[in-house]
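**Q** Shown below is the structure under consideration.
The values are calculated or read from the model by the stated rules, or taken from the named source; none is laboratory data. None of these values were measured; they are calculated from a predicted model. Neighbour counts run over all protein chains shown; Cβ positions are idealised from the backbone, glycine included. The protein model used for the area step is the full one, side chains on, heavy atoms only, and it has no ligands, DNA or RNA in it. Shrake-Rupley method; radii C 1.70, N 1.55, O 1.52, S 1.80 Å.
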Amino acid sequence: MRDTDVPAAKMSTRGLQAWFGKQQVLKGIDLDISARRVTAIIGPSGCGKSTFIRCLNRMHELIPGAGSSGTVTLDDANVYDPAVDPVMLRRRVGMVFQKPNPFPSMSIRDNVLAGLKLTKSLNKRRPAEVVEKALRQAALWDEVKDKLDKPGTSLSGGQQQRLCIARTLAVEPEVVLMDEPCSALDPIATARIEDLLHTLRDDYTIIIVTHNLQQATRVSQRTAFFLTGECVEYADTDRLFTSPGDRRTEDYITGKFG
């Protein structure tokens with residue numbers, strides 16, 4: 001069985017390795033991330049999933065003692081080139097974390113605008129329009145439009161996560177990284193985030209780390225299975241879950257380990 005036609009890669013890694021001190025956590029990852037698709041990264045705890053996506057926008061290097069080697073490209077340009085400003089890279093490659101993390105001292109409005117203020121890009125845009133557009137994209141506008149001055153932390157957990165997604169989208173990234181964005185949410189809030197992903201993939205390249213195999217099948221078009229720092233298999237999601245090419249993949253998705 002062959003994969004369906006795969007769009008051109010938005011991001012690629014070649015020989016990507018990563019360490020925490022002397023502990024190697026990624027062992028030569030070669031992966032092409034398709035543009036305007038949702039790519040899921042699955043695998044047991046400690047297999048390197050979160051480290052992988054943190055290498056894509058150079059957040060891994062912020063951890064004391066962390067290191068990496070190999071190549072990561074965005075539109076064929078090396079993101080680790082010394083000339084690349086990591087702050088501006090993270091504007092192009094945004095991240096949504098596992099737990100909702102709105103800035104506690106900021107209003108809902110200011111949370112959305114925080115990234116633009118950090119990169120000094122707000123003066124080129126109209127704040128009110130930016131806030132409304134981002135909150136609409138995150139399917140949150142109707143719920144908060146009358147309380148934009150209230151703290152972001154006054155929202156429910158699911159709303160806070162959508163606020164964090166809006167904050168990421170406000171800077172108009174090209175790639176959105178999501179590190180288990182639903183793990184702290186209830187089923188209803190999770191369903192809202194998953195519905196949102198179906199909408200966002202038309203405009204963004206999305207990479208989601210998830211422990212939830214059912215979620216991977218629901219939201220992604222491509223899935224990579226990581227194990228002990230290696231990418232064991234990478235294929236169309238339907239193919240990987242119905243006809244895995246590696247016995248280790250089959251054992252994982254059938255629950256024999258993980």
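**Q** Test Val84 against the criterion of being open to solvent by less than 60 Å² (accessible area, probe 1.4 Å) and in a loop (DSSP other than H, G, I, E, B), and give yes or no.
**A** yes
**Q** Kindly provide the set of residues from the range 173-231 that are of a type in the set (Ser, Thr, Tyr) and within 26 Å of Phe257 (Cα to Cα), ordered by number.
**A** The answer is Ser183, Thr190, Thr210, Thr217, Ser220, Thr223, Thr228.
**Q** Still on this structure: Any chance you could count how many residues in the range 38-79 are surrounded by 21 or more Cβ atoms within 10 Å (Cβ to Cβ) and charged (D, E, K, R)?
**A** Counting residues in the range 38-79 that are surrounded by 21 or more Cβ atoms within 10 Å (Cβ to Cβ) and charged (D, E, K, R) gives 2.
**Q** On the basis of being open to solvent by less than 20 Å² (accessible area, probe 1.4 Å) and either free of Cβ contacts under 8 Å to residues at least 24 places away in the same chain or closer than 29 Å to Thr254 by Cα (or both), does Leu31 make the cut?
**A** yes
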